[in-house]
Amino acid sequence: MESELRSIGELARASGLTVSALRFYDRSGVLVPALVDPVTGYRWYADDQVLPARLVAGLRRVGMPLAEIAAAVRHRAEPAVVGRLLDAHLRRLENGLTDARRELSRVRALIDHEEHPMTTRLVLSPADLAAAIDAVRFAVGTDPELPVLSGVLFDVAADGVRLVATDRHRMAVARVPGAVDGPARRLLAPVALVDAVRELLGGGTGDGRGLPGGTGDVGVAPGGTGDGVRELSGVDGGADAHLRLDGAGLTVTVAGREVGGAALPDEFPDYQRLLGTRVPAYRITVDVPALRAQVAGRPPARVLRHEGVDVPVTVLGLDDAGGLRVLDDAALADAAPDAVRLGVNGRYLLDALDAGDRGQLLLELDGPIAPLAVRRPDDADAYSILMPIRL
C-alpha cells in the first residue's frame, strides 16, 4: 500500500510546504496522513491530499490563522464557506495595512514633533461629537491601579476622529467624521475633561461615576467659574466644534466657549487588535426596550463573585425561530449541550443598550467564549464589545 502513497518529502515537494510544516499540521489535525507506519513512524499521504496541502500552503503564505486554515480545509468542497473565510482574512489584511500606515504616520509625526512641534486641528459636528462621547463614556475604566484606562482615546486620522474607551471587560468605539488639518495623532483625554467637553456640547450629565481627578485640571474660558462648565450647556447647535490637539492636551471650542485640559501621559492599549474582523455566526436585530425589560426584570441566571463583588450574569440564547432570548436558571439547565448560549455581565449589557440610544440594535454573537458585539444598525462605526463570562 505504501507504494501507492506519497512520502512526507514527496508531499512537501508537491505542495510547497516544508517537512516540518507538514508534521506541524499533522499534530494540529489540519492535514493528517493517510497512513503512519506503526514501526518506523513514517507519514504517508494519498494523492487526493496534494490539493488540500497546496491550499494550506497558500493560506499559510498570506498569514491566515491556524483555526481558519483548518476550517478552509474542512469546507474546501463548499466554495461559499471558504469564500467568506477568505473575505474576512482579506479585510483583516487590509485593516492591518491601514493600521501600519497610520502607525508609520504617527512615528513620522513624533519625529517631526521633536524639531517642529505641530498642532492637529479638527472641525466636527457638535451633535456627532456629543453622540460619540455618549456611545463610549460608559466603558471608561474606574480601577485606580489602571490609570491608562481612566480616559477616552481620541484617535485622529485623515478623515475624522475615533473615540475609544475600555475597562478590560468591555470596549466601546465611535467615530466622528470631520475636516482634519495636521498629522494623525492619538491623545488620551482624562474622563474629567471628556465630561467637561460633553457639557460644553449641551445636554451632558457630567457623570464622573466616582472617577478620580475631579474637574480641577479642566480649564474653562471665557467666563469660567473654575468648577466645570455647567453654565455652558445649550450651545447653539449650528456652531461647529473646533478641536485642537497638541503635545500638551486637548482644547475644544464651540461658539466662542472653550474647554481644555492636559492629556494623560500613558499609552492607550492597542485596541485595533481587539476589534478583529471575524464574521459572527449570528447577527440578530433586537428591540431594545423589550430586551432591557427582560434583563432588568428577572433574576440573573448566575451570580458570580469576582474580586469581592457580586457579578450578575445574563445568559443569552436563541429561540426556535432564531431570535434572541434571555435564559433564566431553569432554561439554562434544560438547554441542549450544543445550544447557543453566551454569558455576559448583566449590568454591562444594560449600559451598552442604553449607550446604543436606538429603538433597535444589532447583536452579534458566536458562542460561549467569543465576545458579544452590540451595534447600531444605522452606524457601522459605533459599537461596543462585551467580554464573555464562562458559565
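The values are calculated or read from the model by the stated rules, or taken from the named source; none is laboratory data. The model shown is predicted, which means the values in this text are computed figures rather than measured ones. Don't worry about glycine lacking a Cβ; one is built from the backbone with ideal geometry, like all the others, and counts go over all protein chains shown.
Got a sec? Which of D357, D310 is in contact (Cβ under 8 Å) with a residue 60 or more places away in the chain and acidic (D, E)?
Just one listed residue meets the conditions, D357.
Given (1) without any contact (Cβ under 8 Å) to a residue 24 or more places away in the chain; (2) touching an Asp or Glu at 6+ places or on another chain (Cβ under 8 Å), identify the lone condition not met by P33.
Only one criterion in (1) without any contact (Cβ under 8 Å) to a residue 24 or more places away in the chain; (2) touching an Asp or Glu at 6+ places or on another chain (Cβ under 8 Å) is unmet by P33, namely (1).
What do you reckon, is L363 touching a residue at least 24 places away in the same chain (Cβ under 8 Å), buried (at least 19 other Cβ atoms within 10 Å of the Cβ), farther than 15 Å from A301 by Cα and of a type in the set (A, V, I, L, M, F, W, C)?
yes
What's the number of the only condition in (1) within 32 Å of the chain's Cα centre (by Cα); (2) exposed (fewer than 14 other Cβ atoms within 10 Å of the Cβ) that G41 fails to meet?
Every listed condition holds for G41 apart from (1).
Looking at A12, is it more than 30 Å from A281 (Cα to Cα) and over 33 Å from the mean Cα position of the chain (by Cα)?
yes
Going by the structure shown, is A281 surrounded by 16 or more Cβ atoms within 10 Å (Cβ to Cβ) and touching a strand residue (DSSP E or B) at 6+ places or on another chain (Cβ under 9 Å)?
So A281 does not fit the description; no.
Out of the stretch 291-334, which residues are loosely packed, with under 15 Cβ neighbours inside 10 Å and over 18 Å from Y348 (Cα atoms)?
Matches in the stretch 291-334: D319, D320, A321, G322, G323, D329, A330, A333, D334.
Of the numbered conditions (1) under 18 Å from the mean Cα position of the chain (by Cα); (2) without any contact (Cβ under 8 Å) to a residue 24 or more places away in the chain, E68 satisfies every one except a single condition; which is it?
Tallying (1) under 18 Å from the mean Cα position of the chain (by Cα); (2) without any contact (Cβ under 8 Å) to a residue 24 or more places away in the chain, E68 fails exactly one: (1).
Of the residues G41, G58, G16, G96, which single one is in contact with a helix residue (DSSP H, G or I) (Cβ under 6 Å, 6 or more places away or on another chain) and either modelled with pLDDT under 90 or of a type outside the set (A, V, I, L, M) (or both)?
So the residue among G41, G58, G16, G96 that is in contact with a helix residue (DSSP H, G or I) (Cβ under 6 Å, 6 or more places away or on another chain) and either modelled with pLDDT under 90 or of a type outside the set (A, V, I, L, M) (or both) is G16.
Take the conditions loosely packed, with under 15 Cβ neighbours inside 10 Å, at pLDDT below 95 and of a type in the set (K, R) and apply them to R74. Does it pass?
For R74, the condition - loosely packed, with under 15 Cβ neighbours inside 10 Å, at pLDDT below 95 and of a type in the set (K, R) - is met.
So, restricting to helices (runs of 4 or more DSSP H) that lie completely within the stretch 1-114, which ones have at least 3 residues that are in contact with a strand residue (DSSP E or B) (Cβ under 9 Å, 6 or more places away or on another chain)?
8-15, 19-27
Working only within the stretch 116-153, note down all residues that are under 19 Å from Y271 (Cβ atoms) and among the charged types (D, E, K, R).
Selection gives D134, R137, D143.
Could you tell me which numbered condition L5 fails, if it satisfies all but one of (1) surrounded by 15 or more Cβ atoms within 10 Å (Cβ to Cβ); (2) within 32 Å of the chain's Cα centre (by Cα)?
(2)
Being of a type in the set (D, E), over 22 Å from the mean Cα position of the chain (by Cα) and part of a loop (DSSP other than H, G, I, E, B), is that true of even one residue in the stretch 276-287?
no
Only one of R347, R325 is within 30 Å of D143 (Cα to Cα) and either out of contact with any strand residue (DSSP E or B) (no Cβ under 6 Å at 6 or more places or on another chain) or of a type in the set (D, E, K, R) (or both). Can you tell me which?
R347
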